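Working notes, beginning with the structure itself.
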Amino acid sequence: MRQRLTLILLGTASLLLYLGMTALSRQFNWGQGYADRPILSYLALYFALFGLYAGAVAWVVRNPRDRPSFWVILLLGLLFRAVILPSQQIQEDDVYRYLWDGKVFANGINPYEYAPKQATDFKPLKIREPEKFLQTYGDRNVRDLERLNELKWENDTALRFFERINHPAVPTIYPPLAQFVFRAVALVRPDSVTAMRLAFLVFDLAAVTFIVLTLKTLGKDPGLCLVYFWSPLIVKETFNSTHLDILGIACLCGSVYFLVRKSFLPALLLLALSVLGKLYPLVLLPLYLKEMPTEKSRTAYPILGAAVFLGTVAALYAPFLDIGRKAFEGLRAYTVHWENNDSLFALLVYFFGDVLGLKSLEGFPLSTNLATFLSKAAVAAVLLGTLIYLLSSGRAGKERPDPFPTRTLKNLFVMMALAFLLSPVQNPWYLGWSVPFLCFFPHRSWILLTGLTGLYYLDFYFDYQEIRPYSLWIPWFEYAPFYLLLALENRARLKELFARKGRPSATGEGPANS
């Protein structure tokens, strides 16, 4: 009981800080008082929460499993979410696009077809040049745009939220699973941030349920779910910032559970749904197919698994493909132009751009910046090379005893972690995809990174205070401690690897295979 009291005190202190964050969020009014926003106070709260969270993680790792403590973890995690649910967004506005997409889809209009700005821009052309307007849009498009304009002016809340949509000239980038969830929320209660958060809560609870089930299947302490359920990164970015990543994260957690149970078809179905929530986990598909049985009686099993995955993706994309490639216009704009808060990718751009002197290539089809394109090509090569290495590292039951669950989970974690670290867009909520894996592998470096990513919000402070040059230093403070600790954690492993490579083989004919 004395040990459990430590956990209760850490959780209670965290709950009070979440209450403070909710109160502080009232000073973040959209479009108002930028220079006066208490961003530094928010960061103090976030880092204090992370300190308590790190203490709780250390507690749960060191203490043996305890059923009452497990229920304490779940209860306090739910309370964290309950007190932050009514908060205002702190420096984030993606939810307004979600609400708009949901209303558009709920009204029978393809959300990928029109950028929000078109709901307003078509009016002047219609008034001044009606013939050109009809030639440009056509009858069906006219009806759609008229309906979109009506949705914009439906009520004061609808108009206010519409004006807050970011990048209004770009069609939506969010995949089909997200669109179906947005639509469901719009049908229940349109223009409601709280309704969207409650929908996300359903997926969040599904995620922690699958994490607990996976921990039990692996014979680990279910209390390790604390690493996910108490994570300030998850709580803030899901229930304050209201980012949709939880949809795909929950499906990925379910997919991992079924993969560990060797139920491959449900695992691939949920992996497909995860990709349809956000495209991130697509890199995991080959690792799933590798684990499927290929003995004589089941030769076609991987083919069936690939068919389940591709069939699910095709089925959910089908309702949107009547507009052809235009359905991917927003995604294309994102992959070509977006770069934010990156670490390794920024170094690659610097290397190709400044060191090698590759600035631009006029008329280049994929990017106006050759250094950026080469950086993306390098990232793709590293991811592909890592994937090939993991795929060729030996199947279970052939070259070594079956280490299936642990080895597979590590491989999945490596790919998701590497995809984040190499991405040109390293927003904090993107790191949330790796957090469930920390329940199985609670590496200190990665847990530290979930705290350090809070520095992302410091960029807004420097911008509002008109001291932008300081922003250049944020990624160094955000990522350098992480990379240093990561290197220290893996120092012994690297020494062992190099020692094995230099050691004579059993036949005395050169380095041993390792």
*Using the structure shown, decide if Tyr301 is over 14 Å from the mean Cα position of the chain (by Cα), over 30 Å from Gln88 (Cα atoms) and modelled with pLDDT of 90 or more.*
no
_Residue match in segment 114-123 (condition: in contact (Cβ under 8 Å) with a residue 40 or more places away in the chain, more than 22 Å from Phe180 (Cβ to Cβ) and part of a loop (DSSP other than H, G, I, E, B))_ = yes
*Any chance you could count how many residues in segment 419-433 are crowded, with 21+ Cβ neighbours inside 10 Å and touching a strand residue (DSSP E or B) at 6+ places or on another chain (Cβ under 6 Å)?*
0
*Is there a residue in segment 57-69 that is within 23 Å of the chain's Cα centre (by Cα), in contact (Cβ under 8 Å) with a residue 60 or more places away in the chain and closer than 23 Å to Pro428 by Cβ?*
yes
_Filtered residues of segment 25-50 (kept if touching a residue at least 60 places away in the same chain (Cβ under 8 Å) and either in contact with a Pro (Cβ under 6 Å, 6 or more places away or on another chain) or in a helix (DSSP H, G or I) (or both))_ = Ser25, Tyr34, Ala35, Ile39, Leu40, Tyr42, Leu43, Tyr46, Phe47, Leu49, Phe50
*Among the residues of segment 1-29, write down those that are touching a Ser or Thr at 6+ places or on another chain (Cβ under 6 Å) and among the charged types (D, E, K, R).*
Arg4
_Extreme residue, nearest to the chain's Cα centre (by Cα), among residues of segment 124-150 that are hydrophobic (A, V, I, L, M, F, W, C) and farther than 29 Å from Leu177 by Cβ_ = Val142
_Tally of residues being out of contact with any Asp or Glu (no Cβ under 9 Å at 6 or more places or on another chain), surrounded by 14 or more Cβ atoms within 10 Å (Cβ to Cβ) and more than 18 Å from Asp459 (Cβ to Cβ) across segment 23-38_ = 2
*For Val61, work out the one condition from (1) touching a helix residue (DSSP H, G or I) at 6+ places or on another chain (Cβ under 6 Å); (2) modelled with pLDDT of 90 or more it doesn't fulfil.*
(1)
_Are there helices (runs of 4 or more DSSP H) fully within segment 231-327 with at least 3 residues that are more than 24 Å from Leu215 (Cβ to Cβ) and among the aromatic types (Phe, Trp, Tyr)? List them._
301-317
*asked:* Please determine whether any residue of segment 17-35 is closer than 26 Å to Ile467 by Cβ and hydroxyl-bearing (Ser, Thr, Tyr).
replied: yes
*Scan segment 460-484 for residues that are surrounded by fewer than 20 Cβ atoms within 10 Å (Cβ to Cβ) and either under 28 Å from Pro405 (Cα atoms) or among the acidic types (Asp, Glu) (or both) and jot them down.*
Asp463, Glu466, Tyr483
_Pairs with Cβ under 7 Å, 6+ apart, first in segment 1-22 and on the phi > 0 side of the Ramachandran plot, second among the polar types (S, T, N, Q) and modelled with pLDDT of 95 or more_ = none
*What number of residues in segment 173-226 are among the β-branched types (Val, Ile, Thr), modelled with pLDDT of 95 or more and under 18 Å from His243 (Cβ atoms)?*
6
*Search segment 331-356 for residues that are touching a residue at least 24 places away in the same chain (Cβ under 8 Å) and closer than 24 Å to Ala178 by Cα and pair each with any residue that is surrounded by 15 or more Cβ atoms within 10 Å (Cβ to Cβ) and small (Gly, Ala, Ser) when their beta-carbon atoms are under 7 Å apart and the residues are at least 6 apart or on different chains.*
Val336/Ser367
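The values are calculated or read from the model by the stated rules, or taken from the named source; none is laboratory data. Here the structure is a predicted model, which means the values were calculated and not measured. Please note: Cβ atoms are built from the backbone with ideal geometry, for glycine as well, and neighbour counts cover all protein chains shown.
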